[in-house]
Every structure is written in C-alpha cells, then in structure tokens.
Amino acid sequence: MTISSDYRNKTTFEATNRPNRKFALPKDNKGNPMKVSDYFGENVFDFRTAEGIPESVRTELIKVAKTTGRKLQREHVEVVAKAATDWATQRGATHFCHWFQPLTGSTAEKHDAFLSFKNDLPIEKISVSQLMQGEPDASSFPNGGSRSTFEARGYTAWDITSPMFLVESENGKTLCIPTAFVSYSGQALDIKTPLLRSVNRLDTAATRFLNLTGKTDAKNVMVTCGAEQEYFLIDKAFMNARPDLIMTGKTLLGSLSAKNQQLSDHYFGEIPERVISFMQELDHELYKLGVPAKTRHNEVAPSQFEMAPIFNDANVSADQNQMMMAAIKKTAHKHNFEAILHEKPFAGINGSGKHLNWSMSDNNGYNLLEPGSEPHQNLRFLATLGIVCEAVYRHGDTLRMAISGHGNDHRLGGHEAPPSIISVYLGDTLNHIVEAILAGKTFTPDDKKFVDVGADQLAQLMRDNTDRNRTSPFAFTGNKFEFRAVGSSQNIGFPASVLNAAVTEVFNESNEWLEAEIAGGKSVDQALHELTLKWVKSAKPVIFNGDGYSEEWVKEAAARGLPNLKNTPEALGVLTKKDRVSFLTEMGVFKAEELETRYNVLIEKYVLAREIEIRTMTEMISQYVIPSALEYKKELLNSVLNSKSVGVDFGIEKELLTLLDQALQKVYSENANLKRSLDSVDLDNHVHAAKEIAEKIMPVSETLAGYSNDLEELIPDNLWVLPKYREMLFLR
C-alpha cells in the first residue's frame, strides 16, 4: 500500500467513526426544556421591542423606519446606543461591529471594543457616531475600479430597519450592527443599499396602485421574501483531503458512483442521525438570532439538504439569509461536517439553489398576490399578476444577469435546475383565466376543489389553483412568485433589487394609465380588467407552463424572442447595454456608475474564480491523478516481468497497460493543453478573458475532467489517493 492510500483509508475511517455531538438545549429554572417561543430572538436587539427606550423615542424611530424622507435625530440615536450597549454587555459582549455586505457577495465586519474612558475611568459605550457611521477602507473591497488605493475612504451607515444581533463564539460575544456600505461620494458599494432603495420605490408605487383601485386604507406596501436554502454536508476529513473542495468549494473531477440519486430514495427520506443532530443545533442557533427557520428535509441528491424560513420583510430576509448561511457553516464545523454552499459541488447529481419566494403585502396584511377562492373575479389580483408578468417579460435578461455567477453556470440548464431562459409559470387555473381574458371569454371554473384519493380514511385534500413546475425559473406558487433560478451561495439582495425595480416600473405605468382611465369615466373594475388584458397580451410570450428542460422549449423560446444567456459573461454583458438597464436608474435603485462598478466587479470575480478552478485542477492532475496512474503502470509492468520470468501468460496485463497508457496520455496532453490555454489569455483584460474562458477554456477543463474520471475507473481503489464520490456522499 502507498502512503496516499493509507491517508485515504484513514480519512474514511475518521469520517465513519465520529460520535454524534450533543448540545445543551435551554431549560427553565425548574429544569424543564424551554419552548422555542421562550427564547426566540434572545440574541436580537430591536429598538421596536427593546427595554430602555422611551415610547416617545420608539415611536419617532418607527416613523423613520417606515417613512422615506425622515431623518434620524441625534438624541434618539443616543438613547438607542446606550440601550444597545447595556443590553449587549449584560449578555457578555465585549465588542461591536458594523456588519455589512460588500460586493464580495458575503459579509464583512471590523470589531471595536465597547471599552472607552470617562474621566480617566474605563466604561462601556457605543457613541452616537460609532453607531451611525463607520469607516472601512473602500479601496480594499471590490469596487470595479471606482476607488483607487489613494482614495480609500468609505462609510458604513446604520440600517435602522434591520435588528442588531449577537454572534457567539467560544470565548465571547460580538454585537453586530447591520449597515450599508458606500463610497466617499455616496456610491453604493454593497448589496443592501440598492435593495433598500428598491423596496422604497416599490412601496410607493404599489401603495398608489392599491389606493387608486379602492383600497384607501393601504398606507404602505412591504416586499416580503423567503429564501429556501439548499446545501451539502460532507465529513470534514473528506473536505481536507480534496484540494478542489478547499480551494473552490466544488469537486473539479471525480467519477460518479454507481448509485447516486437515481433511486430517488434520499429526497424527503429519514434524516440521518448525525445530520438531524446538526439540524437541531442549527435551528436552536437560528432561533436565538431571531431567524424563523421553519422547514428542514433531505433534498434529491445524496448528502444534500434544505432549510427554509418563514417569510419576512425583504431587507431583513436578505440579512437573515446571510446569517443563515454563516450559521450553517459554523454549526457544521461543530459536528465535524463541512457545509458546501456551491451551486454544483458534485458533477452528475443535482446542484443547489436558493428559491427566492417573493410577494407584496400592505400594512393591513393584504397580500397583492393572494388569488382568493375565486381568482377569476379578483380583478386587483389579476392586474397585479399581469404587472409582474410584464415586468419579467421586459426585463428577463436583466433578471438572468442578476442570478449569474461561475457557480450557477454549472447548475442552470441542468436537469435539476431551471433553464437560463427566464419564463413565468402560472399553473393550469391561472393560465386558463389568462387565456379567457385574451380571448374575451368568460372563465368558468371547474368544481374540482378537492383531490379524490379514493380512501375515505384520509383527510380531505384541498386542490391548489396551481401545480408545481420544477423546470420554471419564475413560478407562481399559490400566493407568491418563486424565483427558482437563484444560486445557493448568492446574496438574494441583488436579484430582489432588480425584480423590485422591474415591477416598480410597470406599477408606475399602470398607475398613470389607471388614473387617466378612471378620470375618463371608467369604473375601477372595468379599468382593472382592461389593464390586465393590456399586460397579459403584451407578456404572453414569457408565460410558459411546459417542460423547461426540453430542447423543444429552447427552440420555442427563441421563436418567442426570449433571451437565452447561457453563461455568466454573456449575462453580465446586459449591464453594459444602457437601453436594457436604464429602468434601474430611472427607478432610482441604482446609479449609472454603480451599474458600471457591478459589471467590473462581477466580470473580474468570474475570471478570478475560473482561474483558481483551472489552476487547482491542473495541479491536482499533476500531483494526484498522474502519480496514481504511474504507480499502477509500475505495478502492471512488474507483473508482466514476473509473468515472463516464470513463463505465465500476461495478456491481461498487456491489455490493461494499453488501456492505461492511452487514458494517461489523454490526461497528460489535455492537462498541458489546459495550462497553455489559460496562460495564453490576458487575465488582466477581464472582459476578453471572461469570454475566452467561458467559450474556449471551460470546455477543455470539462474534457480533462472526463479523461481523469476514466483513469479513476481504471486504477485500483487502493492506488487512488483522492476521496471518491461514493465516500463523500454516502459515508458519515
């Protein structure tokens, strides 16, 4: 046995012999387990509910949080700062930080101690200025060339609408203050700022729509979101033995195991003991952070899982999804797992997405996308449906851009994820209603309100007005839309901002049209009916209820004029077309220079990520795959020599040597080809490099991975050093 195979065996033994981790569930003073409702949000400081804030101050702060145009008063901030300091330090926090979301797609923070001095005596304090404003180095974060090193000043600004929270570590706690991140000139260098702008603009437009259509008690409209988070769990020993997982978050090569997901026995199956222990602790940590985790289950692929929260305000939901991803990874480590959030960590099986559920509700809880029991008579709902369909039709290319990324490129269009063509699924009932409206006919609903299962012992099942279509990137699912094309590692703030802006544009046009029609003598109902007809007629090409995986749909979508942006460089190119993204600036969600910044940042990120993948892959081929093949070749040659010496036939060895040599030559040549291809590209010219990598170099890397997988299947198991798919996906 070689040293490498010893290491792999040790890794497998370590992964399969770990004890389940136990954690202490909270108990009351009588020693009884506490209900979740008893400790939910215990690590959250929200001025709306916090002690130590006078009601008059609280009322004014709530007005600032709800109303655009109002400014924070310094004396009110001082009250919050003192209350937050007292609350956090009483719970053991020694530091605080401005927690923000730069264009890296993840979060950033710089910790400052509460320690201060008054009259030369130590005290704990957050000053008003420290709460309201921070100053990280803007040039050290992705900025697309908009900031030079000698122009480094940037600001973080307290987001009053998102609660502060405590992050616990082994030896202490830190108070995290959600903030926006902008440049010295006020340019948004983060995900949060445009999202906040977008929800404000949509609030104004949708509220006006409700008021115009008779709902005069609507004072504001809140965008609600809920992100279903998919992820993989593998033992950390396997992670540590795979350079590709360490460096890129995905396997760059690996032969698919004989059993993978084809039996469909993992989806919704019994959650493994070690995994449920992890999930229980994860839920506990999230509940303390005020994240309303609701659903947990096995996903389709082996070792793939999902969790989903209860819906929340879009901005808070975006923050909480970042908190959720961090908690998943942190809790996984406690259980000797590694949580993988990459969209396609394992070839040949399902990748991971983050279904972004999106809707709108007013201050009375009225959901604009709630069809009710008679959706064909709910004219306001139908008009809203038409507005959203028109928004997606107009701006499908920009929505596709917003969910692009090197990880999602591996997933979109595969037979587990929506295609790269953005279309809208409405379901049978709503589709029939739309067809009736277009035809000028009266829709007659069927009376099939219940599902007949033929067994009276079972509970009677209500039939939904839509089925589910897993192949649709943007599907109506009962009382919301589900943007299913978002990638599992992505920050939902960017696609949500683009979607909000697109819908706002159509709401604004609808409001102008409605106001004129109603002023001209039409009833609200008549105007709503005609508005619905106007938009569904325009947006008809984007409505598709069929199989999004089929080749027929690709051809049909092209005939309908729908864009099919197949990779990230192609999709990001939309940002360079002013006529395609002008609505983002016109709606006040992005400034023109911010869009340019995002294009530069995202195209550079694509190039850098691909460069890391390719260099890691060529190193693995040279340092792991080829040496394993040469070791096997040496064994075969020795066997031939030994057979010759005793006069025994060595035909099998000779045939294996031929097969091995042919496979090895392919790997060696293609590896050299991949290196040359990457070295020939000017990586500093990001736009050109991205196109070259996507169109020419990635196909070479995929060919090389295939050749490497052929070698893996030829080489004896004891000579292969890297953990295999069957071990990573099935052993725990």
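Brief remarks follow.
- All of (1) surrounded by 13 or more Cβ atoms within 10 Å (Cβ to Cβ); (2) within 30 Å of Ala629 (Cα to Cα) hold for Gly52 with one exception: (2).
- Qualifying strands (runs of 3 or more DSSP E) (wholly inside region 146-221; at least 3 residues being aliphatic (A, V, I, L, M), in the same structural domain as His111 (by TED's automatic domain parsing) and over 25 Å from Arg58 (Cβ atoms)): none
- Tally, over region 76-113, of residues that are in contact (Cβ under 8 Å) with a residue 12 or more places away in the chain and part of a helix (DSSP H, G or I): 14
- Lone qualifier among Val128, Val80 - being of a type in the set (A, V, I, L, M, F, W, C), in contact with a helix residue (DSSP H, G or I) (Cβ under 8 Å, 6 or more places away or on another chain), surrounded by 14 or more Cβ atoms within 10 Å (Cβ to Cβ) and modelled with pLDDT of 95 or more: Val80
- Selection count, region 547-564, where residues are under 26 Å from the mean Cα position of the chain (by Cα) and either among the polar types (S, T, N, Q) or surrounded by fewer than 16 Cβ atoms within 10 Å (Cβ to Cβ) (or both): 3
- The residue pairs whose first member lies in region 709-724 and is under 11 Å from Leu253 (Cβ atoms), whose second member is polar (S, T, N, Q), and whose beta carbons are closer than 6 Å, counting only pairs six or more residues apart or on different chains, are Asn709/Ser255; Glu712/Ser255.
- Region 406-437: number of residues that are touching a helix residue (DSSP H, G or I) at 6+ places or on another chain (Cβ under 6 Å) and not β-branched (Val, Ile, Thr): 4
- If you go through region 248-259 and keep only what is under 17 Å from Phe232 (Cβ atoms) and surrounded by fewer than 19 Cβ atoms within 10 Å (Cβ to Cβ), you end up with Leu256, Ser257, Lys259.
- Test: residue in region 238-247 that is surrounded by 19 or more Cβ atoms within 10 Å (Cβ to Cβ) and β-branched (Val, Ile, Thr): no
- Residues being closer than 28 Å to Pro122 by Cα, part of a helix (DSSP H, G or I) and either among the charged types (D, E, K, R) or at pLDDT below 95 (or both) are represented in region 61-74 by at least one member.
- Under the condition of being surrounded by fewer than 23 Cβ atoms within 10 Å (Cβ to Cβ) and aliphatic (A, V, I, L, M), the residues counted in region 211-221 number 2.
- Sole residue being surrounded by fewer than 20 Cβ atoms within 10 Å (Cβ to Cβ), in contact (Cβ under 8 Å) with a residue 12 or more places away in the chain and among the charged types (D, E, K, R), chosen from Asp679, Asp684, Asp661: Asp661
- Just so you know, in region 300-325 the residues that are touching a His at 6+ places or on another chain (Cβ under 9 Å) and at negative phi include one that is surrounded by the most Cβ atoms within 10 Å (Cβ to Cβ), and it is Gln304.
- The one condition in (1) within 31 Å of the chain's Cα centre (by Cα); (2) over 30 Å from Glu505 (Cα atoms) that Thr568 fails to fulfil: (2)
- Residue check for Glu655: surrounded by fewer than 20 Cβ atoms within 10 Å (Cβ to Cβ), farther than 24 Å from Thr568 by Cβ and touching a residue at least 60 places away in the same chain (Cβ under 8 Å): no
- Any chance Met617 is in a helix (DSSP H, G or I), closer than 20 Å to Lys724 by Cβ and not acidic (Asp, Glu): yes
- Residue list for region 7-25, filter: assigned to a loop (DSSP other than H, G, I, E, B), in contact (Cβ under 8 Å) with a residue 40 or more places away in the chain and of a type outside the set (Lys, Arg): Asn20, Phe23, Leu25
- Apart from one condition, Ala672 fits all of (1) in contact with a Leu (Cβ under 9 Å, 6 or more places away or on another chain); (2) under 24 Å from Pro627 (Cα atoms); the exception is (1).
- Matching entry among Thr568, Thr576 (being surrounded by 19 or more Cβ atoms within 10 Å (Cβ to Cβ), out of contact with any Lys or Arg (no Cβ under 7 Å at 6 or more places or on another chain) and assigned by TED's automatic domain parsing to the domain that holds Ala516): Thr568
- Residue among Ser645, Ser582 that alone is modelled with pLDDT of 95 or more, part of a helix (DSSP H, G or I) and surrounded by fewer than 20 Cβ atoms within 10 Å (Cβ to Cβ): Ser582
- Check on Ala539, surrounded by 20 or more Cβ atoms within 10 Å (Cβ to Cβ), in contact with a Cys (Cβ under 6 Å, 6 or more places away or on another chain) and not hydroxyl-bearing (Ser, Thr, Tyr): yes
- Region 545-564, residues that are at pLDDT below 95 and either in contact with a strand residue (DSSP E or B) (Cβ under 6 Å, 6 or more places away or on another chain) or of a type in the set (A, V, I, L, M) (or both): Asn545, Val554
- Residue count for region 272-300, restricted to those that are in a loop (DSSP other than H, G, I, E, B), of a type in the set (A, V, I, L, M) and within 11 Å of Leu233 (Cβ to Cβ): 0
- Residue match in region 23-36 (condition: buried (at least 18 other Cβ atoms within 10 Å of the Cβ) and among the aromatic types (Phe, Trp, Tyr)): no
The values are calculated or read from the model by the stated rules, or taken from the named source; none is laboratory data. These numbers come from a predicted model, not from an experiment. Glycine gets a Cβ as well: all are built from the backbone with ideal geometry, and neighbour counts include every protein chain shown.
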